[in-house]
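The values are calculated or read from the model by the stated rules, or taken from the named source; none is laboratory data. Remember, predicted model here, so these are calculated numbers, not experimental data. Glycine gets a Cβ as well: all are built from the backbone with ideal geometry, and neighbour counts include every protein chain shown.
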Amino acid sequence: MQQSAAPPRFDQLFAVAQRSAVHLEMRDGYAVADEAEDYLRWQETGERDADPDSPYWAPWVDMVRRATARGVAVRRARIISEPVSDYIRYEHAGTSVNVAAGEEVRWLPRRQAADLMLPGADLWIFDDEQVLLNHFTGSGEWAASPLELRTEPDLVKACVGAFAAVWERAVPHAQYEIR
């Protein structure tokens, strides 16, 4: 198993991507600290921060725009259960910012992914060469060692194939209706 003891920071991996940065999300809920305040506000008011220039979104939007400006394709595929969880409703409400930043986003109902062989963790794939596994606890918080960078050719190939299969079946954000 090839992994680095201390992987580069996510923003560093993103900054050196040359061709692609793709993200596969497979959970119906997350409880990460940087979203807590925005998610609570959305639960209480139904309003989501959808301002690309807000302090919440600006760092992400800037990073994605810099990547796409140098020709990097940034794509995100979300496998979701239907009817969707409140958290997925929250994600959907903010996805317009991801798209405005330059990401392509697609949604795949979980039952349509039942015959696909998928990795056991959410992940990012950079340039079809590096897989950054994202580890979460059962409650959706970051695990003690949340990021694991892997480069074994067979693992990378399997993850690239899994993402491609999901992407092919998934519905573009503009066409996906929450159920």
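Evaluate the following for Ser96: is it more than 23 Å from Arg9 (Cα to Cα), of a type in the set (S, T, N, Q) and either modelled with pLDDT under 95 or loosely packed, with under 15 Cβ neighbours inside 10 Å (or both)?
Details: more than 23 Å from Arg9 (Cα to Cα): yes; of a type in the set (S, T, N, Q): yes; either modelled with pLDDT under 95 or loosely packed, with under 15 Cβ neighbours inside 10 Å (or both): no.
Against the criterion (more than 23 Å from Arg9 (Cα to Cα), of a type in the set (S, T, N, Q) and either modelled with pLDDT under 95 or loosely packed, with under 15 Cβ neighbours inside 10 Å (or both)), Ser96 does not qualify.
Quickly run through the range 138-166 and pick out the residues that are of a type outside the set (Gly, Ala, Ser) and in contact (Cβ under 8 Å) with a residue 40 or more places away in the chain.
To start, the set of residues in the range 138-166 that are of a type outside the set (Gly, Ala, Ser) comprises 141-142, 146-157, 159-160, 163, 166.
Within the range 138-166, Glu141, Trp142, Leu147, Glu148, Leu149, Arg150, Thr151, Glu152, Cys159, Phe163, Val166 meet the criteria.
Total residues in the range 143-179 satisfying the condition of being within 13 Å of Glu104 (Cα to Cα) and part of a strand (DSSP E or B): the figure is 2.
Residues in the range 120-138 that are within 19 Å of Asp28 (Cα to Cα) and either charged (D, E, K, R) or part of a loop (DSSP other than H, G, I, E, B) (or both): 5 in all. Is it the case, given these coordinates, that Gln18 is over 22 Å from Glu141 (Cα atoms) and modelled with pLDDT under 95? So Gln18 fails the test. Just one of the listed residues (Arg66, Arg27, Arg41) is surrounded by 16 or more Cβ atoms within 10 Å (Cβ to Cβ) and of a type outside the set (A, V, I, L, M, F, W, C), namely Arg27.
Scanning the range 102-125 for residues that are surrounded by fewer than 19 Cβ atoms within 10 Å (Cβ to Cβ), closer than 30 Å to Ala58 by Cα and aliphatic (A, V, I, L, M) yields one hit, Ala121.
Which ones in the range 147-166 are more than 21 Å from Ala73 (Cβ to Cβ) and under 14 Å from the mean Cα position of the chain (by Cα)? Leu147 - this is the single residue of the range 147-166 that is more than 21 Å from Ala73 (Cβ to Cβ) and under 14 Å from the mean Cα position of the chain (by Cα).
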